[in-house]
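For reference, the structure discussed in these notes is given below.
Since every read-out is calculated from the coordinates, none of them should be taken as a lab result. What you see is a predicted model, and the numbers here were worked out from it, not measured in a lab. Ideal geometry is used to build each Cβ from the backbone, glycine not excepted, and the neighbour counts take in all protein chains shown.
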Amino acid sequence: MRGQLGQIVRFGLVGGVNTATFYGCYLLLHPWMPYFAAYSIAFVLSMIGSFFLNTYFTYRTRPTWKKFALFPLTNVTNYLVQSVGLYALVTWAGMDDRIAPLVAAVVAIPFTYLLSKKILVPGGKQPSPAGPVGPTGPAGGADVESDPVASR
């Protein structure tokens with residue numbers, strides 16, 4: 001339970017960094033292109049950063065090419081939730097297009113957590129406080145690494 005709570009807290013911290021990165025990119029691009037194009041480019045850039053922060057920091061696993069390929073696929077749901085939210089907030093609710101991406105991102109948080117955990121944590125297992133799972137260790141390709149936060 002403590003490991004799960006730590007994971008959720010780390011996910012929240014990564015989410016804060018990711019949101020700031022996304023929003024900063026969006027605001028930099030917005031003057032040069034339509035809001036939805038700026039949103040899409042900022043989303044892709046922040047998703048790449050999110051992949052590495054979540055693998056190393058949140059879930060304490062190693063990034064692999066397979067996970068890297070699957071991570072954006074799981075974020076399609078996140079992108080759709082945010083996109084529909086953005087469109088609805090700007091078009092139907094009349095919200096400022098500089099604020100609407102933040103509101104849409106908050107709505108998508110639970111979806112992102114569940115989907116990223118499913119992809120980045122093999123079998124949905126918590127990181128082992130005792131070290132890598134299995135006899136192979138890190139050199140042999142074990143995917144779950146120790147969780148120094150949980151072992152304190």
* Which order, highest average first, do 30-43, 48-61 follow once you tally other Cβ atoms within 10 Å for each residue and take the mean per peptide? -> 48-61, 30-43
* **Phi-based couplings in Hz for the stretch 113-122 (Karplus 6.51, -1.76, 1.60; Gly and Pro marked x)** => 4, 5, 6, 5, 5, 4, 7, 8, 10, x
* **Local electrostatic count at LEU27 - Lys and Arg +1, Asp and Glu -1, tallied over other residues with Cβ under 13 Å** => -1
